Amino acid sequence: MAIIIDGKLTATKYNNALKDSINEMVQKGNRQPKLVVIQIGSNEASSLYIRNKKRACENVGILFEHKVFEESVSESNLLDEINKLNNDESVDGFLVQLPLPKNIDEDKIINAISPSKDADGFCPITLGNVVLNKSKIFPGTPKGIIRLLDEYKIDVTGKKVVVVGRSNIVGKPISIMLTNLSATVTVCHSKTVDLKSETCKADILIVAIGSAKFIKEDFVKDGAIIIDVGTNKVDGKFCGDVDFESVKEKVSAITPVPGGVGPMTVNSLLENVFTLYKEKVGN
Ligand SMILES: Nc1nc(=O)c2c([nH]1)NC[C@@H]1CN(c3ccc(C(=O)N[C@@H](CCC(=O)O)C(=O)O)cc3)C=[N+]21
């Protein structure tokens with residue numbers, strides 16, 4: 001039976017350490033850090049994730065503001081709001097919850113976020129610095145995955161890592177961050193010719209495609225480590241991109257859904273806010 005990599009426990013541990021660091025800053029007379037989350041429309045999954053972010057912020061002592069816009073909001077109104085937040089000194093970081101309505105250009109919105117306020121780590125300057133291995137801010141899910149591997153003493157140096165999915169927020173940045181950590185990384189996607197032959201070579205398999213239980217036992221190598229980024233809802237219950245029941249006897253370690261990567265994503269967001277905050281208030 002595989003080791004279950006406990007993201008919930010690990011996130012709680014890091015959140016508690018962060019809470020202490022924030023407390024220390026406030027004891028020294030600094031203001032509290034502040035995060036603003038912009039939501040457009042009322043997508044059910046987004047509302048749930050935002051609730052989790054809010055709860056986590058309140059637990060560690062980060063002020064949280066939730067700004068909700070109608071589904072019909074114009075791109076220019078949204079850009080005005082982003083501009084206001086870029087210039088609001090009481091705000092350390094903000095993010096625009098994805099996905100956005102079809103009439104809004106996601107690139108344009110993310111591009112408008114100042115790198116000094118980029119809590120998600122999605123803006124082009126931040127991602128450029130990630131590529132160059134000189135960033136202090138990282139996209140939440142990739143950062144959370146690397147922390148989780150570290151917590152479980154899984155050294156990636158020289159390991160064969162296969163990433164399935166090439167999104168801007170998970171697949172691409174995690175493949176670059178692991179390359180910077182000296183892993184040998186293969187990125188697979190919908191046009192990969194023989195996916196199974198690639199995933200079966202992985203010492204560490206990271207799956208971020210958003211397709212419920214897509215990876216079955218015949219896609220994994222004996223003893224592999226599986227990181228499941230998927231958060232799919234099936235019959236009202238969360239499940240990952242990996243068929244947990246199918247692979248669990250074959251692999252050496254696996255992240256569950258829920259309770260795996262998700263809570264680490266939220267912890268990383270809070271860490272990013274604290275990093276941005278320290279750059280503003282000093283140490
Ligand atoms: N601008 C932006 N930034 C994001 O960081 C962002 C986004 N858009 N759009 C959607 C994805 C998805 N995401 C998750 C956050 C928390 C959980 C999470 O807390 N998951 C729990 C399950 C939920 C629960 O049980 O409460 C878990 O896996 O244990 C999952 C996924 C952030 N995302």
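So here's what we get for this one:
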item	result
Ordering of 56-67, 224-235 by burial proxy (mean other Cβ atoms within 10 Å per residue, highest first)	224-235, 56-67
More than 21 angstrom apart: percent of Cα pairs within the stretch 1-71	42 percent
Cα gyration tensor shape for the stretch 118-175, rounded if a/c is under 1.5, else prolate or oblate	prolate
Extended-chain gain in nm, criterion 0.36 nm per residue less alpha-carbon gap, residue 179 and residue 218	11.4 nm
Whole-Å semi-axes of the ellipsoid equivalent to the stretch 140-261 (Cα gyration tensor, √5λ, descending)	19, 16, 15
Tail fraction, Cα-Cα pairs, the chain, threshold 23 Å, whole percent	54 percent
Cα-centre dipole for the stretch 47-104 with unit charges at Cβ (Lys and Arg positive, Asp and Glu negative), debye to 20	360 debye
Neighbour net charge for residue 151 - beta-carbon separation under 13 angstrom, K R +1, D E -1	+2
Label-to-label distance, nm, for residues given as residue 32 and residue 103 (7 Å Cα→Cβ offset)	3.6 nm
Listed residues 201, 136, 53, most fluctuating in the chain (Gaussian network, C-alpha, under 10 Å)	136
Sorted largest first, extent of the stretch 1-150 alpha carbons per principal axis (Å)	47, 47, 35
Positive-end extreme of charge dipole, the stretch 140-261 - chosen from 252, 173, 212 (charges on Cβ)	173
Part-to-part distance (alpha-carbon centres) for the stretch 12-78 and the stretch 201-234, which is given in Å	30 Å
The chain: angle of helix 7-27 to the longest principal axis, Cα-based, in degrees nearest 10	20 degrees
For the stretch 143-283: relative contact order, % (alpha-carbon pairs under 8 angstrom, 6 or more apart)	21 percent
Neighbour net charge for residue 244 - beta-carbon separation under 9 angstrom, K R +1, D E -1	-1
With Cα atoms, 0 to 90° folded angle of helix 75-87 axis to the chain main axis	70 degrees
Entries of 67/172; 34/136; 196/248; 201/233; 53/117; 13/221 with Cα pairs more than 24 Å apart	67/172; 201/233; 13/221
Added length on full extension, which subtracts the Cα-Cα distance from 0.36 nm per residue, residue 65 to residue 87	6.3 nm
For the stretch 29-116, average projected area of the Cα convex hull in nm²	5.8 nm²
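Each reported figure results from applying straightforward, stated rules to the coordinates on display, with no laboratory input. Please read all numbers here as calculations on a predicted model, not as lab measurements. Please note: Cβ atoms are built from the backbone with ideal geometry, for glycine as well, and neighbour counts cover all protein chains shown.
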